[in-house]
Every structure is written in structure tokens, then in C-alpha cells.
Amino acid sequence: MLLMMSSDNSKSSANTLRSLIFTPSTSAHSPPSATLSVLDQLLLPHETKYIPIRCVQDAWSVIRTMQIRGAPLIAIVAVLGLAVDLTSYPSTIRQLEGLGVDEIKRVIVEKMEYLKTSRPTAVNVFNAMEELSTTILADSSLTTREELLSALMTHASYMLERDVSDNRSIGSHGADEILAKVDERTNVRVITICNTGSLATAGWGTALGVARELCSRGRMEGIACLETRPYNQGSRLTAYEILTEKMPNPCLLCDSMISSYLATKGSSNTVCIVGADRVCANGDTANKIGTFQLAIVAKEFGVDFYVASPFTTLDVKLKSGKEIEIEERPPGELLESSGAPKDMKCWNPGFDVTPAAYITGIITEKGVVRRSEDGTLDVEGFVEKMS
């Protein structure tokens, strides 16, 4: 597995790649502090370079420019970046000197609101900031600056560890769900899009984590990943993880090849597994641009189409995908990667919304949202039951 965790509590079997390195202070006799660096994913797979994150501005920048990406990882980097800023960045430390706890909380809220402007489509960062607000900022027992910042650092570290644990549970639930539909002697062929592995999370992955679990059980026949234009997260990142993991029978596809691929190579043991940046109350799901196209083709060929995402991605405040704000990326990202004339007009949404009607089920660390008797995906009911 390509692990991306902080200190000695996680190991990488490949030992070559970590999406982030977070090192909190272990001294019990000094104020909390930490260092954070993140892997510049725009340079992969040809160069491995880590970027130091010293403050919330640094965290905002690497999220916005997609030097790090993936909804779970965005949330973790935002949380850890906030913790590092408040405890270790000299400018912020000077800013907090002499302030009371209530004033410090106001500074923290301002920084949290700033981080939420980095990428609007992924709900995970919003939920992460809300979690910090309800567990730390609302705690009246934290009466000193040291207590407040120590509690925030501790909870940030906990959220990092929890992300990996949740991803492993997603993988287990997903593998159970998929294998229940095939003969015990039949292995599964997986198709995925974008990158949903260790590089998109704090470790293990969501959709690619399901593939990892299938591999660990000896039940995956092969895996195909879509290139994922225009940033090529599939060809640059997922293909890299697949080869590093030595997954069986890997295959890279251009996004436009999926119809022909399923028409000529699809079979009853083929399944699509994708990630998600936001899932609405009715099951409509926002994910990387091209996911909706994959879902349409999968349905046409009778291929099951699963979404694998953390429970925190389920946003029941939004009733349907029509309410999701879709981020539009700079035109240059498309023009530069396509070789088009620089003055060509283009449209470059970062995400699309797959209607629930195309989704077989939604895999989370708490279980699988399956279709109700009326054929709908009751995400709202699932959240209420599991919360």
C-alpha cells in the first residue's frame, strides 16, 4: 500500500510514496507544535517533491492549485494545516500572544472560513471544519490558550488516523458487497476513474481501496483506469498506484474509449467503482468530470456502478445534485494539456453530477446504501440511522 501518514505508526509496503508527512511534537513539557509537508501531485509520476505547509495560506494554495487533491485528503490537509499554523507559524504565534480564549477562537474561525474557500464542490473540508467547531471551539472546559491549541492538535491527529481506518472499512464493505454478487470461483474486473487511492486520502483509498481489498482476498481479475482528462489523475496517479501495488492485468484507457471497452471486453464480472466529492440526500453524486459519462455507459451495458466515499461525504442538507456548486477550473488547465491554440475558448468544470438512477449503491465505512423497494437511494435515511 502507498501510505501517506505521519510518523512511525504507519508503514508503506512500497516505501516510496506518502501523500503527506505530518510530525507532531512528542514533548510533554513544551507547547504543541508540528511540521507538515505534502506531496506535489502535479509532478507525479516523474518527480517526487514535498511542499512544506507552514500556515493556512500554504494549505489553501496547494488545495486550490491541485498540488494535492481528493476530497478526503483536502479535508485532512486543511485540518493539519490549521493546526500547524496555530501552533508553529511564527506570525500566527505572535498574533495570538496576549489574546484571551474567546479572541483566539475568533481568529481560528476566520482561518477556517478561509480554508473553506479553497475548493467549493468537495463537502469534506466543510464537514471537517464543522467537526473542529463542535468538538473543540464549543468546549467551554478549554479555558487557556495552551489547552485550546493542544486539544485542536490532538483532534487533528485523531482525524488523520481515523481517515485511514475509515478507508479500510470502506474497502471491506465494498469487497463484501461486490463479491456477494458473483460466484465464489469468479474474480472481479474493476473499472475506475480519477484517483481515489492513497494519494487522494490519508491512506489506503476509497474506490481504489475497494480494489486493494479485492486484491488482498485474491479476488480481482484485472483493473482498468480512465485517463481522466484534462488533469490526467487516472493516467498519472492511479496508474502509478496500480503498478506500484502490482495489481493484476492493469489497463489504461482514454476517457473516450469506455464504450468500446465495455462493448468488446466487458463481462458479467465487471464492476465500476468511483469516488465522490459530495453525495446528496437523494443519492445524486458529484465526482471528477467524466464520472457521469462512465455511469451512463455502465448502465447501458448492465454493469454495476458503485460510489465509494467516506460517511462525511454524504451531504443530506442538499436534496439533489441541482444544488451542488460545481467548480470551474481555469481554462489554461485544459488548453495546456490538450495542445489547443492558446486563444481558444473552452469550458472546464472540475466535476459533474451523476444522478442517483445510474448508481447501484454507495459504499461507506458504516455500510452500503442500497436501493430501497421503490428503487431510490435513501441517503438521508441511512445518515439518520448511522449517525
Of all residues in region 309-354, which are hydrophobic (A, V, I, L, M, F, W, C) and over 30 Å from Arg162 (Cβ atoms)?
-> Leu334, Leu335, Ala340, Met344, Cys346, Trp347
Could we say that Lys49 is among the basic types (Lys, Arg) and in contact (Cβ under 8 Å) with a residue 40 or more places away in the chain here?
-> no
Taking region 116-146 and keeping only residues that are touching a residue at least 12 places away in the same chain (Cβ under 8 Å), part of a helix (DSSP H, G or I), open to solvent by 40 Å² or more (accessible area, probe 1.4 Å) and out of contact with any helix residue (DSSP H, G or I) (no Cβ under 7 Å at 6 or more places or on another chain), one is left with Glu146
Output the residue which, of all residues in region 341-387 that are touching a strand residue (DSSP E or B) at 6+ places or on another chain (Cβ under 8 Å) and open to solvent by 30 Å² or more (accessible area, probe 1.4 Å), is nearest to Ser320 (Cα to Cα).
-> Val353
Since Pro341 meets every condition but one in (1) part of a loop (DSSP other than H, G, I, E, B); (2) under 24 Å from Arg69 (Cβ atoms); (3) not basic (Lys, Arg), which condition does it not meet?
-> (2)
Among the numbered conditions (1) in a helix (DSSP H, G or I); (2) open to solvent by 30 Å² or more (accessible area, probe 1.4 Å); (3) aliphatic (A, V, I, L, M), tell me where Leu42 comes up short.
-> (1)
Criterion (among the hydrophobic types (A, V, I, L, M, F, W, C) and surrounded by fewer than 21 Cβ atoms within 10 Å (Cβ to Cβ)) met by exactly one of Ile258, Ile326 = Ile326
Subset of region 65-115, residues surrounded by fewer than 20 Cβ atoms within 10 Å (Cβ to Cβ), in a helix (DSSP H, G or I) and acidic (Asp, Glu), comes to Asp102, Glu103, Glu110, Glu113
Output for region 262-311, where each listed residue is part of a helix (DSSP H, G or I), in contact with a helix residue (DSSP H, G or I) (Cβ under 9 Å, 6 or more places away or on another chain) and buried (at least 22 other Cβ atoms within 10 Å of the Cβ) = Leu294, Ala295, Ala298
Residues Glu221, Glu213: which one is among the charged types (D, E, K, R), in contact (Cβ under 8 Å) with a residue 24 or more places away in the chain and not in a strand (DSSP E or B)?
-> Glu213
Listed by first then second residue, the pairs whose first member lies in region 335-360 and is over 29 Å from Ile178 (Cα atoms), whose partner is among the polar types (S, T, N, Q) and not in a helix (DSSP H, G or I), with beta carbons under 9 Å and at least 6 positions apart or on separate chains, are Leu335/Asn348; Ser337/Asn232
Quickly run through region 148-188 and pick out the residues that are closer than 30 Å to Lys265 by Cβ and either among the polar types (S, T, N, Q) or buried (at least 22 other Cβ atoms within 10 Å of the Cβ) (or both).
-> Asn167, Ile170, Gly171, Ser172, Gly174, Ala175, Ile178, Thr186, Asn187, Val188
Can you tell which of Thr206, Thr192, Thr186, Thr134 is in the same structural domain as Ile63 (by TED's automatic domain parsing), at pLDDT 95 or above and out of contact with any His (no Cβ under 9 Å at 6 or more places or on another chain)?
-> Thr134
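Yes or no, residue by residue, for (1) part of a helix (DSSP H, G or I); (2) over 15 Å from the mean Cα position of the chain (by Cα); (3) not small (Gly, Ala, Ser):
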| residue | (1), (2), (3) |
| --- | --- |
| Arg185 | no, yes, yes |
| Ile191 | no, yes, yes |
| Thr196 | no, no, yes |
| Gly205 | no, no, no |
| Leu208 | yes, no, yes |
| Thr228 | no, yes, yes |
| Ala239 | yes, yes, no |
| Ser259 | yes, yes, no |
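The values are calculated or read from the model by the stated rules, or taken from the named source; none is laboratory data. Fair warning: this is a prediction, and the values are worked out from it, not measured in the lab. Every residue, glycine among them, receives a Cβ derived from its backbone with ideal geometry; neighbour counts consider all protein chains shown. When the accessible area is computed, the model is the full protein with side chains, heavy atoms only, and any ligands, DNA or RNA have been set aside. Shrake-Rupley method; radii C 1.70, N 1.55, O 1.52, S 1.80 Å.
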